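A quick write-up on the structure given underneath.
The values are calculated or read from the model by the stated rules, or taken from the named source; none is laboratory data. It should be emphasised that the depicted structure is a prediction, and the values quoted were computed from it without experimental measurement. Don't worry about glycine lacking a Cβ; one is built from the backbone with ideal geometry, like all the others, and counts go over all protein chains shown. For the accessible areas, the whole protein counts, side chains as well, though only heavy atoms, and no ligand, DNA or RNA atoms are used. Shrake-Rupley method; radii C 1.70, N 1.55, O 1.52, S 1.80 Å.
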Amino acid sequence: MSAPTGETDSLQSKSRQLLERCWSCRLISGAGLMLSGAYVYNAARKIMRTGVLMTPGLVAQITFAGCLTAWGVVVIANPVKNSQDAFKSV
């Protein structure tokens with residue numbers, strides 16, 4: 001059986017509110033994602049330094065590393081809340 005939608009929505013909104021309000025939570029989560037991206041990128045660079053030609057797998061790995069890093073920046077910057085605040089002031 002599935003949970004009532006009211007409980008699920010309230011749980012999601014509570015966790016979302018915590019991430020929006022808690023600066024240290026956003027900083028730790030964002031930094032973790034950015035460091036994960038750096039680790040994945042470094043693993044791909046280590047393979048490329050051996051002289052192996054670029055393969056689609058390496059390109060995908062570097063792209064994934066960039067996505068992880070960008071996601072970390074977004075978590076720290078919290079653009080949704082900042083844009084909502086900007087629209088409220090207008």
Ignoring ligands and nucleic acids, what accessible area does Met48 show with a 1.4 Å probe (Å², nearest 10)? 40 Å²
How much FRET efficiency would the formula 1/(1 + (r/R0)^6) give for Arg21 and Asn42, where r is the Cβ-Cβ distance and R0 is 25 Å, rounded to 0.05? 0.15
